[in-house]
1. Among the numbered conditions (1) outside the structural domain of SER137 (by TED's automatic domain parsing); (2) modelled with pLDDT of 70 or more, tell me where GLU69 comes up short.
2. Pick from GLU213, GLU239: which is closer than 19 Å to SER103 by Cβ and either surrounded by fewer than 21 Cβ atoms within 10 Å (Cβ to Cβ) or charged (D, E, K, R) (or both)?
3. Please go through the stretch 80-89 and give me each residue that is modelled with pLDDT of 95 or more and in contact with a strand residue (DSSP E or B) (Cβ under 8 Å, 6 or more places away or on another chain), ordered by number.
4. So, in the stretch 220-236, of the ones that are hydrophobic (A, V, I, L, M, F, W, C) and under 15 Å from GLN98 (Cα atoms), which residue ends up surrounded by the most Cβ atoms within 10 Å (Cβ to Cβ)?
5. From the list SER149, SER168, SER178, exactly one residue is without any contact (Cβ under 8 Å) to a residue 60 or more places away in the chain, hydroxyl-bearing (Ser, Thr, Tyr) and assigned to a strand (DSSP E or B). Which is it?
Amino acid sequence: MGAGSVLIGFGAEGEGSRPSAGSPVVGFSVSASGLHGSGGAGISVAGVKASGSGYLDWISLLPPISLQEVYRLVITGEADELPDLHIGGISSWQATNQSGGRSAYLQAVIPAADSIIDDIAGRQNGFLVIQKGYRTSDGSTRYEEILRSRFDNLRPDRGQRALTVTVSGYMPGRPLFSGSRTLTGIRSISTQNGKRRVRCDVDLFLQPGMTVEALGDSFVASFINYYVSSADKFCEVGER
């Protein structure tokens, strides 16, 4: 290569996975450096490096009028050499999501479970995963994970007509998340001993450690309690 010529080489690498809600969904690294040519004075060398991450709030990109909110329970089967079991007909679930040294907790109630009780019992080495999804007017549904726990307990209750199954479990708290979310559908804001608690809509992307904004006030979310049934659905976001 002659004197004064410029040769620039670019390389890019990245990795990503489908994480739980609110966690980073894109990780990337881009680098560029001059390649050593075959010779010649005046060859220029340039280097560029960049990185970034953040969660993707894809719901805000969808037209609200076309959305139907849905939930399902997934019991993972990999540990038992089985496929994951997807249960869309849970009658209710409740959970506490918190980080640090405090464990998360999840409980779900599965009605009319006679036909799947063996499938449920066969996956007790797996995880319980609550997913929230949105069904659009074209019939397609996209789900994202809210939280998960170990499959610690299985309780069948047989009534006169059907079998109801309650599953529950705990999970060690994860590291605190960063970022911020604006709470929507606020029902109440209460304060006890200087600590705030907000009852609001279930936020798919909210995680402990994020800064939340509620009617002009803001604080760091220490925990999120979820209450979802056929009659109602909301969460409580609080600080400690």
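The values are calculated or read from the model by the stated rules, or taken from the named source; none is laboratory data. Worth saying up front: this structure is predicted, and the values here are computed from it rather than measured. For neighbour counting, all protein chains shown are included, and Cβ atoms are generated from backbone atoms with ideal geometry for every residue, glycine included.
1. Among (1) outside the structural domain of SER137 (by TED's automatic domain parsing); (2) modelled with pLDDT of 70 or more, GLU69 violates only (1).
2. When all the criteria are applied, what remains is GLU239.
3. Of everything in the stretch 80-89, those that are modelled with pLDDT of 95 or more and in contact with a strand residue (DSSP E or B) (Cβ under 8 Å, 6 or more places away or on another chain) turn out to be ASP84, LEU85, HIS86, ILE87.
4. Restricting to residues being hydrophobic (A, V, I, L, M, F, W, C) and under 15 Å from GLN98 (Cα atoms), the top hit is ALA221.
5. On the way: SER168 fails: without any contact (Cβ under 8 Å) to a residue 60 or more places away in the chain; SER178 fails: assigned to a strand (DSSP E or B).
Only one candidate qualifies: SER149.
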